Structures are given as C-alpha cells and as structure tokens.
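Structure first, then comments.
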Amino acid sequence: MHSKGRKRAAPTAALLIFSALLVVPELFPLYAQAPNTFYVKEVIDGDTIVLSDNRKVRYIGIDTPESGGLKPTEYYGIEAKKINKKLTEGKEVRLETDLERIDNYGRTLAYVYVDDLFVNLRLVELGAAVARPYPPNLKHYGELSRKMEIARKEKRGLWAEVEKWMIPAEDAGRYIGLSKTVVGKVLHAQDKGFGVFLNFGGDFSTDFTVFIPAKNLTYFKDEGIGDPASVYRGKVVETTGTIREHNGPSITVRHPGQIYIRK
C-alpha cells in the first residue's frame, strides 16, 4: 500500500505528448474519422488522385483526356483535371473497390465518393470523362454508360466537339501507346476461333485492326451480341482503347462498351 505522504510520480514524456495532441487536434494529419476514408492531397489528372496516405488512386470505369506530364496534353484534358480538382482536392473521400484492387502500375483502383457524390459518375455526367469498361471491374458499368449517353446527346464537355479528340482509323499509327477513340468503317471482319478481328482498311497486316479475344466474347453475348463479326461488319464505329503496334496499329477490345456503332 502507498503511504499517505508519498508523492505521485511525474507524468512521463510520452504521456505529456499524448495529452498535448488531444488538446491540439490540428497536429494530427487530416485523416477522416471513418475507417478507410482519407483526404485528397493531390490531383494528378482527370481520373487519378493521390491520397493522404500517399496511395495513387485510378478511378474505375472511366477515362479522361491527358492533361500533360509524360504524355501529350489532349483536348479537354486541362478542363477534366480542373473539374476533378474542384470535386476532390483537399476533401475527404471514401473508396469503393471492385474485383481488382491494384492495376499494373501499382495504383489503387476505386470508385471515389465525396460524401454522397459519386465522383466517377459526376465526371461522366459533365462530359469530362468517357465511360470505359475494364473487365472484370464492371460493378457500375451500366450507370456510367447510361450517363455517358445522356452527356453525348446533350453535347456536354468532350461531346460538344468530338472531331477534336476522336481520330480517323488511318491516323491510328501515330498514337501508339496512347488511349484514343478511333473512328472508321469496318471493311472486313473475321472470327478466327481464338478471337474476332475487325479491320478498317482492307489489309490485316498493316491497317488499323480491332481484336476481340475469344475469352472476352462472353461479355458480348451478355449484351446480345452473339456474332460480333456480323454485327460490326460494314458499320462505322468508334472504338476506345489503348493503341498498340501488332502487325499495324490495333486496339484490343475486351467489352462491347468499347465499341459504339454510329447511327
């Protein structure tokens, strides 16, 4: 037992620091109180942000024009970045994941929310982004696609002047490594068993080609497209994806949402 005259031990240094932090909360990093919620400390471009824990987050289901940096600035890229900054910079955000959580570049893949605002969807609504499906992360593909159709009809943002950012099939070879929307008429279409080839020039070895891998054809069947070669043959289409060099410029399409048939 303690004697009545014994002095209480002095508070430790750690206890004093802890007490000071409780009194001065601004010394804490600006993390939100809810679990898995953080604030945005930097906006990289229209669809990429950096969180307070230094994670780089790439928005799922959308694609925005480049705003500079390592890649050339594209039409409406600066505007898209400004809109993203207005929606998210310095604000607390909540992340919702899909089947894949990290991309090939180590970025966190997420649907981003500020309070009840679905940021990915808002960017599409404003015409600052196009809805682009990335299988198997398709949780919100339907609503993103529907909002893009509305933005397109109302000519919002990007959709006001599509000729400034969509490129003709014959120019696709100039944009290797870049995500683009290519416009052209499908002159030839073949199902070779391991995939479907859509050719826009007549020569499968040099002209722009769209390749649909056989393993992804189930997504087309889900959308009522049982025979893509027949559906797209002879049609003028817009194809969105990263242009690669493979016996000429090509885009690999993994979901029908990457191909739009012009009426």
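The values are calculated or read from the model by the stated rules, or taken from the named source; none is laboratory data. It should be emphasised that the depicted structure is a prediction, and the values quoted were computed from it without experimental measurement. Every residue, glycine as well, gets a Cβ built from its backbone with ideal geometry; the counts of neighbours run over all protein chains shown.
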- Note on the structure: Residues in the range 94-120 that are touching a helix residue (DSSP H, G or I) at 6+ places or on another chain (Cβ under 8 Å) and modelled with pLDDT under 95 total 0
- Message: Given the criterion in contact with a helix residue (DSSP H, G or I) (Cβ under 7 Å, 6 or more places away or on another chain) and among the aliphatic types (A, V, I, L, M), identify the matching residue among Leu123, Leu158, Leu138.
- Response: Leu123
- Message: Just to be sure I understand the filter: pairs with C-beta atoms under 6 Å, separated by 6 or more residues or on different chains, first member in the range 96-113 and closer than 16 Å to Asn54 by Cβ, second member of a type in the set (S, T, N, Q) and surrounded by 13 or more Cβ atoms within 10 Å (Cβ to Cβ). Which pairs pass?
- Response: Ala110/Thr97
- Message: Of everything in the range 129-143, what is more than 24 Å from Lys85 (Cβ to Cβ) and surrounded by fewer than 20 Cβ atoms within 10 Å (Cβ to Cβ)? Give them in sequence order.
- Response: Pro135, Pro136, Asn137, Leu138, Lys139, Gly142
- Task: Give the residue, chosen from Glu79, Glu89, Glu96, Glu125, that is assigned by TED's automatic domain parsing to the domain that holds Glu143, closer than 18 Å to Ser179 by Cα and over 12 Å from the mean Cα position of the chain (by Cα).
- Result: Glu79
- Members of the range 162-180 that are under 18 Å from the mean Cα position of the chain (by Cα) and either farther than 18 Å from Ala151 by Cβ or loosely packed, with under 14 Cβ neighbours inside 10 Å (or both): Gly177, Leu178, Ser179, Lys180
- Query: Given (1) under 30 Å from Glu79 (Cα atoms); (2) of a type in the set (S, T, N, Q); (3) surrounded by fewer than 20 Cβ atoms within 10 Å (Cβ to Cβ), where does Ser230 come up short, assuming only one miss?
  - Reply: (1)
- Message: Filter the range 99-122 down to the residues that are over 13 Å from the mean Cα position of the chain (by Cα) and aliphatic (A, V, I, L, M) and list them by number.
- Response: Leu99, Val114, Leu117
- Message: What's the number of the only condition in (1) crowded, with 18+ Cβ neighbours inside 10 Å; (2) out of contact with any Lys or Arg (no Cβ under 7 Å at 6 or more places or on another chain); (3) among the β-branched types (Val, Ile, Thr) that Val124 fails to meet?
- Response: (2)
- Item | Residues satisfying the stated conditions in the range 48-65, i.e. assigned to a loop (DSSP other than H, G, I, E, B) and surrounded by 20 or more Cβ atoms within 10 Å (Cβ to Cβ) | Ile60, Gly61, Thr64, Pro65
- Considering only the range 162-172, how many residues are among the acidic types (Asp, Glu) and touching a residue at least 24 places away in the same chain (Cβ under 8 Å)? 1
